[in-house]
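Asker: Structure incoming, see below.
Laboratory data are not the source of any read-out in this text; all were calculated from the coordinates shown. Keep in mind the model is a prediction, meaning the values are calculated, not measured. Positions of Cβ are generated from backbone atoms using ideal geometry, with glycine treated the same way; all protein chains shown enter the neighbour counts.
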């Protein structure tokens, strides 16, 4: 009788072979559960799901991009790049990281598609040129447009990594000569997860892949198909400079007295009040810092059309005619909050000074 094909080992078995203890695995699952704001008790379910799952076949396509998204992933700390590739996923095709080239590389992609039909995940970074049949960017003689359609046809899901893939990003910025488009403008019959950012936070990429592998479903998404765990709050919501914003204390330049004292960067163009991302909590380089902590305002890079919103170094409230209605409304609300907070702060300070003066007068 013919023998049944041997199943690939589970992640739990692979981890055991590599000497990873159950305690270390549970610690990672607890970290990931906390990062993704999962309900209490989810860490155990996440760990069990990962342990019983088999390595997820991933095909990574890179189109109109700068390789920054891959650079970001290679700097992932939780999990590290090595553990992500060797433990969680089978990275079967990646233009930058794969050893194969030429015909061998394309055969690897086709083999992964055939062997994992209906089960593989496609990760895409970069926008897709659609003008003139997509001739502005080709790989192995195939346009990005045709390669995306062919590769996504039998995929389980598509993850658009980086703002270029999620929203078109810089390639789509005016005047958009190549007709660059976001992934969800082209692929409309598959589940799509957008992880924007220029580049995106590596832990967000790793977290989404881990969630998919463990639970076999998409995490909760917002109206722009972004995981709410990482894009559920604005930069402003968790920014450590927010108390200065609410007190009306703003830096007027990048090297004035306010900037040196760490005051709010709203007036020098910070887009934190209208930008949804986890930069202020996860930060970068293993939690070392993020742009605002380094003295530079948020550019809003995880939002659609951030490149065309009227200037990085002008405050939101001066660009209302150039910005969309929703963004303008949010900017007005932020400006009103800042102005109201500043007024209240001044009133409180004036009242306090009057009380102090009165108390000193009574003593005399």
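Asker: Remind me, relative contact order of segment 37-188 in percent, using alpha carbon pairs under 8 angstrom and six or more residues apart?
Answerer: 25
Asker: Let me ask another. How compact and how long is segment 54-229, expressed as Rg and Dmax of its alpha-carbon atoms in Å?
Answerer: 14.9, 45
Asker: Continuing with the same structure: Pull out the extension gain between residue 30 and residue 103, defined as 0.36 nm times the separation in residues minus the alpha carbon to alpha carbon distance; nm, one decimal.
Answerer: Fully extending the segment from residue 30 to residue 103 adds 22.1 nm.
Asker: Pull out the extension gain between residue 154 and residue 308, defined as 0.36 nm times the separation in residues minus the alpha carbon to alpha carbon distance; nm, one decimal.
Answerer: 52.0 nm
Asker: Taking R0 as 41 Å, what FRET efficiency do you get between residue 288 and residue 189 from their Cβ-Cβ distance, rounded to the nearest 0.05?
Answerer: With R0 = 41 Å, the Cβ-Cβ based efficiency is 0.50.
Asker: Across 5 Å bins from 0, what is the distribution of all Cα-Cα pair distances for segment 184-330, in whole percents?
Answerer: 2, 9, 18, 20, 19, 15, 9, 5, 3, 1, 0
Asker: Starting from the Cα of residue 255, step 7 Å along the direction of its Cβ; do the same at residue 20; then give the gap between the two resulting points in nm.
Answerer: Once both label points are built, they end up 4.7 nm from each other.
Asker: For residue 52 and residue 74 in the same chain, what is the full-extension length gain: residue separation times 0.36 nm, less their Cα-Cα distance, in nm?
Answerer: 5.3 nm
Asker: A further question on this structure: Can you compute the label reach from residue 135? Point 7 Å from Cα along the Cβ direction, backbone N cut-off under 19 Å, restricted to segment 148-187.
Answerer: Of the residues in segment 148-187, 148, 176-181 have backbone N under 19 Å from the label point off residue 135.
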